[in-house]
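The values are calculated or read from the model by the stated rules, or taken from the named source; none is laboratory data. Please read these numbers as outputs of a predicted model, since none were measured by experiment. Glycine also receives a Cβ, built like all others from the backbone with ideal geometry; neighbour counts cover every protein chain displayed. These accessible areas exclude ligands, DNA and RNA; they are computed on the full protein's heavy atoms, side chains included. Shrake-Rupley method; radii C 1.70, N 1.55, O 1.52, S 1.80 Å.
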Amino acid sequence: MTRRVVVTGIGMVTPLHPTTEGSWEALVAGQSGVGYVTRYELGEDFPVRIAAEVKGFDPLLYIDKKDLRKMDLFIQYAVAATEQALEMARYRVRPEEADRVAVIVGSGIGGFPMIEEMHKTLLEKGPRRIWPAFIPAVIVNMAAGVISIRTGAKGPNVAPCTACSTGAHAIGDAFKLIQRGAADVAIAGGSEAAITPLAIAGFAAMHALSTRNDAPEKASRPFDAQRDGFVMGEGAGILILESLEHALDRGADILCELVGYGLNSDAYHITAPCADGDGAIRVMRMALQDARMAPEEVDYINAHGTSTPLNDKIETLAIKAVFGDHAWKLAISSTKSMMGHLLGAAGGVEAAVCVLAICHGVIPPTINYEYPDPECDLDYVPNQARRRDVRVAMTNSFGFGGTNACLIFKRYED
Amino acid sequence: MQDHREIEQKVVQIIAEQLDKDPTQIRMESRFIEDLGADSLDVMQIVMNLEEAFGIQISEEDTEKIRTVGDAVQFIAQYMSRSASA
């Protein structure tokens with residue numbers, strides 16, 4: 001018999017607020033975290049000058065000043081979200097169980113800001129001026145590394161790097177580790193901080209981003225007929241997962257149970273989803289099967305919903321294929337309408353949204369939903385949060401490379 | 001050319017900044033790792049910052065000999081007087 005796995009803490013650093021509570025409040029209020037890029041001067045020649053930046057983040061609340069230069073921003077966000085999650089779970093790693101505590105925290109891109117800065121230094125001042133801590137400050141697995149050093153977690157330590165599915169894969173893989181007994185506790189999720197000139201120029205060159213520079217807060221509009229691309233976001237989303245037994249033994253407050261995980265590949269195209277929704281359909285079915293659950297049991301889907309023309313159309317088609325008539329009874333929303341697309345952190349924060357939706361019985365809306373698209377004709381909880389009892393919530397993540405992940409959370413019932 | 005006192009102050013300032021310490025906590029006999037809590041990457045960064053601030057080059061061999069704040073000051077003072085007399 002496999003072990004049950006529960007969620008006991010969540011931590012969020014998002015473009016809406018650098019804390020979980022603040023982010024949730026803004027999500028329920030339907031606020032947009034999108035604006036003009038402030039950290040860099042982007043000239044008129046940039047086709048995209050908007051993003052969802054994290055505002056008001058003070059790393060010194062979590063990290064000593066002397067250590068900041070050894071951690072690019074995505075590591076700082078991951079540390080902050082982890083501290084919040086551990087605080088909520090009222091959990092600290094005890095030395096006697098340290099090797100039973102896993103850290104699975106990935107990033108889609110890693111330390112873009114410092115890579116760009118150091119490359120400038122290389123060109124202007126030469127190789128002898130590159131910081132000794134540069135490499136450890138930018139490599140993708142260092143969020144997981146730093147978290148283990150700070151918390152004392154000595155169990156499995158890995159960092160998925162699966163583009164926009166990273167956070168969901170981290171949580172799903174941690175779930176399976178605990179389920180099969182390789183760990184009792186996991187700190188799991190994703191982190192991203194890649195809103196830089198080079199990254200923006202790169203995503204813009206793919207025509208993946210919204211160019212609605214004149215109205216940033218309207219730019220991320222998943223499932224709306226006038227959607228024209230995603231908006232880059234940043235931040236971190238971390239969950240504390242525990243075996244049910246471990247959580248009960250220490251008298252933890254259980255937020256919900258993690259019951260299903262699907263993961264697969266499109267084997268189709270480096271960036272485009274397959275036209276018939278094949279990968280998305282199979283990954284949702286795989287998660288349902290893993291949860292031993294009928295489609296009709298799902299109340300809410302936090303969609304991948306990027307606001308690109310193709311994703312939202314094909315995700316809708318896939319949901320219909322998996323859920324049949326129930327597709328119209330489900331509540332679906334894309335919180336990317338408010339937070340932008342957090343790339344490698346998206347799966348982490350969106351899993352946290354599912355947990356909170358179950359806890360509060362409230363579904364955050366899809367904002368900027370104004371013009372119906374005949375190909376997107378489901379209930380996307382437009383513009384206003386909705387009170388609805390949520391027993392089961394699913395979250396989808398689809399990454400470049402055709403890598404997909406799906407998680408299912410369920411209210412904890414003994 | 002800077003006198004010994006000026007070099008001392010500048011070195012202390014650079015170290016204080018890198019390790020986020022109050023300059024008054026830094027003495028000439030303070031060892032980087034044992035007394036000031038630096039790690040090996042910090043020491044390399046400090047050496048790099050000293051090179052940049054004083055416009056000098058410190059070889060790997062010399063870096064290994066610099067263990068205390070005073071070692072760094074002395075090295076820089078000697079380097080400067082050598083290059084001044086050259």
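Of note:
- Between region B:23-49 and region A:343-414, the alpha-carbon center distance in angstrom: 49
- Screening chain A for whole DSSP H helices of 15 Å or more along their axis (Cα) with average Kyte-Doolittle hydropathy at least 1.0 returns A:346-360.
- Distance histogram in 5 Å bins (all Cα pairs of region A:116-211, percent per bin): 2, 11, 15, 17, 16, 13, 11, 8, 4, 1, 0
- Ligands, DNA and RNA excluded, the heavy atoms of A:Tyr36 present near 120 Å² of accessible surface to a 1.4 Å solvent probe.
- When chain B is described by a simple charge dipole with +1 on each Lys and Arg Cβ and -1 on each Asp and Glu Cβ, the residue from B:Pro23, B:Ser85, B:Ala53 located farthest towards its positive end is B:Ser85.
- Shown here is the pair-distance distribution of region A:1-107: with all Cα-Cα distances grouped in 5 Å bins from zero up to the longest one, the shares run 2, 10, 15, 18, 19, 15, 9, 6, 4, 2, 1, 0 percent.
- Per-residue SASA entry for A:Ile135, accessible area with 1.4 Å probe, Å² rounded to 10: 90
- The distance linking region A:268-301 with region A:154-186 is 20 Å (Cα centroid to Cα centroid, whole angstrom).
- Calculated FRET value between A:Ile254 and B:Arg82, using beta carbons and R₀ = 45 Å, to 0.05: 0.05
- Positive-pole candidate from A:Ala303, A:Gly347, A:Phe323, dipole of chain A, charges at beta carbon: A:Gly347
- Here the dipole of region A:260-410 is about 440 debye; that uses its Cα centre as origin and unit charges on the Cβ of Lys and Arg (positive) and Asp and Glu (negative).
- Of A:Ile130, A:Val101, A:Tyr77, farthest towards positive along the dipole that unit charges on Lys, Arg, Asp, Glu beta carbons give region A:1-144: A:Val101
- For region A:260-410: rounded, prolate or oblate by the Cα gyration tensor [a/c cutoff 1.5]: rounded
- Anisotropy class of region A:5-249 from Cα gyration tensor, a/c 1.5 cut: oblate
- Kyte-Doolittle mean at least 0.0, axial Cα span of 18 Å or more - DSSP H helices of chain B: B:40-54, B:69-85
- For A:Lys55, the lysines whose Cα comes closer than 17 Å to its Cα, not counting residues fewer than 8 places off in the same chain, are A:Lys336.
- Those aspartates and glutamates that a straight Cα-Cα span of less than 14 Å connects to A:Lys66, excepting residues fewer than 8 apart in one chain: B:Glu17, B:Asp20, B:Asp22, B:Asp39, B:Asp42
- Check: region A:5-249 dipole with +1 on Lys, Arg Cβ and -1 on Asp, Glu Cβ, in debye: 560
- Of the trypsin sites (Lys or Arg not before Pro) found in region A:332-414, the ones in coil according to DSSP and having at most 16 other Cβ atoms within 10 Å of their Cβ are A:Arg388, A:Arg391.
- Diffusion coefficient (Stokes-Einstein, Kirkwood radius over C-alpha pairs, 25 °C, 0.890 mPa s) for the protein assembly as shown: 103 µm²/s, rounded to a whole number.
- With all protein chains modelled, accessible area of B:Val47 [1.4 Å, Å²]: 20
- Rounded to 5, the percent of DSSP beta bridges in the protein assembly as shown classed as antiparallel: 70
- Overall form of region A:323-402 per C-alpha gyration tensor (a/c, 1.5; a/b vs b/c): rounded
- MRE, 222 nm, helices only [DSSP H, n ≥ 4, -39500 (n - 2.57), over the protein assembly as shown, to nearest 500]: -11500 deg cm²/dmol
- The lysines within cross-link reach of A:Lys329, meaning a Cα-to-Cα straight distance under 21 Å and a gap of 8 or more places when in the same chain, are A:Lys313, A:Lys320, A:Lys410.
- Protein-only accessible surface at a 1.4 angstrom probe places the residues A:Asp184, A:Asp249, B:Asp71 in the order A:Asp249, B:Asp71, A:Asp184, largest first.
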